[in-house]
Structure formats: structure tokens, C-alpha cells
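J.: Sharing a structure here in C-alpha cells format.
The values are calculated or read from the model by the stated rules, or taken from the named source; none is laboratory data. Note that this is a predicted model, so its numbers are computed, not measured. Cβ placement follows ideal geometry from the backbone for every residue including glycine, while neighbour counts extend to all protein chains displayed. We work out accessible area using only protein heavy atoms, side chains counted, and drop any ligands, DNA or RNA first. Shrake-Rupley method; radii C 1.70, N 1.55, O 1.52, S 1.80 Å.
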Amino acid sequence: FKKRNVRRRVVSTSLLAEYAFCLEVGARLYTITDVSELTDWMVDHLTRFPLFRRLPNDALTADPVVRLLLLTDEGLKVARNNGNMFIAAFERLAAPKSAEEAVLPREVAAAAAAEAGYTPKPGGELRGKTW
């Protein structure tokens, strides 16, 4: 789990907005990896994003897509090496109805800005011009 690869990860606050735009309500987004820290990273970002809801683990056992994920080349390689596989699934939620609900929480907006490389100027938050 390399910090230098943060910008290249397929799950980040800025990319989640793109995924939410492309997926219709009720669609599922799956994550699978053999690195537990990466799973924690992806689950944390997806859970904090307001347009995705994590599905419970019992929903994964009945999901036929999960079985297909295990049969990919990478999944089979991990199984051959007796490695761990961490899977999570999320459902795309409907957009909020009111404008107040549509505003991202301050910490989510700040995290997205930081991931995009934005560094606020000192004192900007006092003028209300930061995030």
C-alpha cells in the first residue's frame, strides 16, 4: 500500500463523483483486492461519499457477481497462493432532493480538494473562500 500511488487509485473522492454520474440509481460498484489497507482506503472513501451505500456482507454471499470476481486471473492467482481477498460492494443511491442535502459535508469537500492537489492559503478559511 504505497502512499505515492494515491493519485492513481481507482477510488478517490474526485473519481467517486464521476462514478456516481455514470451509474444509474441502484447500480452496484464492487471493490476487490488482496491488500487489507487498500480495502480500508476504498471502503472509507465510498462510505463517506453521500451517493453510495455499502451493502451488508450477507448480500455478498448471494450475489453471483462476487463468484465471478473470484474467478478472474488475479482472483485465481491469489487463491493458488492461499492469499486473502477483500471484497466490498456498494449501491448507487438517488441524489438528494433538496439543495441543502446536495451540498457535500465540509470534510468531504476538503478531502476532495486536497486529493486534487489544492492547498488553501493561510487565512482563507476566515474569509470564507476555502472549499
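J.: Could you please tell me which pairs satisfy a Cβ distance under 6 Å, a separation of 6+ or placement on different chains, a first residue in region 84-97 that is in contact (Cβ under 8 Å) with a residue 60 or more places away in the chain, and a second residue that is part of a strand (DSSP E or B)?
T.: Every condition considered, the pairs that remain are Ala89/Arg28; Ala89/Tyr30; Phe90/Leu29; Phe90/Phe52; Phe90/Arg54; Glu91/Arg28; Glu91/Arg53; Leu93/Arg53.
J.: Select, from Glu24, Glu37, Glu18, the only residue that is out of contact with any helix residue (DSSP H, G or I) (no Cβ under 9 Å at 6 or more places or on another chain), within 16 Å of Glu115 (Cβ to Cβ) and not hydroxyl-bearing (Ser, Thr, Tyr). Working first, answer last.
T.: On the way: Glu24 fails: within 16 Å of Glu115 (Cβ to Cβ); Glu37 fails: within 16 Å of Glu115 (Cβ to Cβ).
That would be Glu18, the only listed residue that is out of contact with any helix residue (DSSP H, G or I) (no Cβ under 9 Å at 6 or more places or on another chain), within 16 Å of Glu115 (Cβ to Cβ) and not hydroxyl-bearing (Ser, Thr, Tyr).
J.: Another one. Quick one: is Ile32 touching a Phe, Trp or Tyr at 6+ places or on another chain (Cβ under 9 Å), modelled with pLDDT under 90, under 30 Å from Tyr118 (Cα atoms) and surrounded by 13 or more Cβ atoms within 10 Å (Cβ to Cβ)? It would help to see each step written out before you state the result.
T.: On the way: touching a Phe, Trp or Tyr at 6+ places or on another chain (Cβ under 9 Å): yes; modelled with pLDDT under 90: yes; under 30 Å from Tyr118 (Cα atoms): yes; surrounded by 13 or more Cβ atoms within 10 Å (Cβ to Cβ): yes.
Yes, satisfied.
J.: Just one of Asp44, Asp63 is open to solvent by 60 Å² or more (accessible area, probe 1.4 Å) and either of a type outside the set (Lys, Arg) or at pLDDT 85 or above (or both); which is it? Steps first, answer last, please.
T.: Details: Asp63 fails: open to solvent by 60 Å² or more (accessible area, probe 1.4 Å).
The unique qualifying residue is Asp44.
J.: Which of the residues spanning region 85-101 are open to solvent by 100 Å² or more (accessible area, probe 1.4 Å) and either assigned to a loop (DSSP other than H, G, I, E, B) or at pLDDT 90 or above (or both)? Give the derivation first.
T.: Taking region 85-101 first, the residues open to solvent by 100 Å² or more (accessible area, probe 1.4 Å) are 97, 100-101.
Listed by number, the list holds a single entry, Lys97.
J.: Given (1) modelled with pLDDT under 85; (2) open to solvent by less than 70 Å² (accessible area, probe 1.4 Å), where does Val10 come up short, assuming only one miss?
T.: Val10 satisfies every listed condition except (2).
J.: Let me spell it out: the conditions are (1) β-branched (Val, Ile, Thr); (2) out of contact with any Ser or Thr (no Cβ under 6 Å at 6 or more places or on another chain); (3) modelled with pLDDT under 90; (4) open to solvent by less than 60 Å² (accessible area, probe 1.4 Å), and Thr39 meets all of them except one. Which number is the exception?
T.: Result: Thr39 passes all but (2).
J.: For region 51-88, give me each residue that is of a type outside the set (A, V, I, L, M, F, W, C) and either on the phi > 0 side of the Ramachandran plot or over 22 Å from the mean Cα position of the chain (by Cα) (or both).
T.: Asp73, Lys77, Arg80, Asn81, Asn82, Gly83
J.: Considering only residues that are out of contact with any strand residue (DSSP E or B) (no Cβ under 8 Å at 6 or more places or on another chain) and without any contact (Cβ under 8 Å) to a residue 60 or more places away in the chain, look in region 47-56 and name the one that is least open to solvent (accessible area, probe 1.4 Å). So that I can check it myself, show each step before the final result.
T.: Start the filter on region 47-56 by keeping residues that are out of contact with any strand residue (DSSP E or B) (no Cβ under 8 Å at 6 or more places or on another chain), which leaves 48-50, 56.
So of that shortlist, the ones also without any contact (Cβ under 8 Å) to a residue 60 or more places away in the chain come out as 49-50, 56.
On the way: Phe49: 14, Pro50: 62, Pro56: 68 Å².
Per the criteria, the residue is Phe49.
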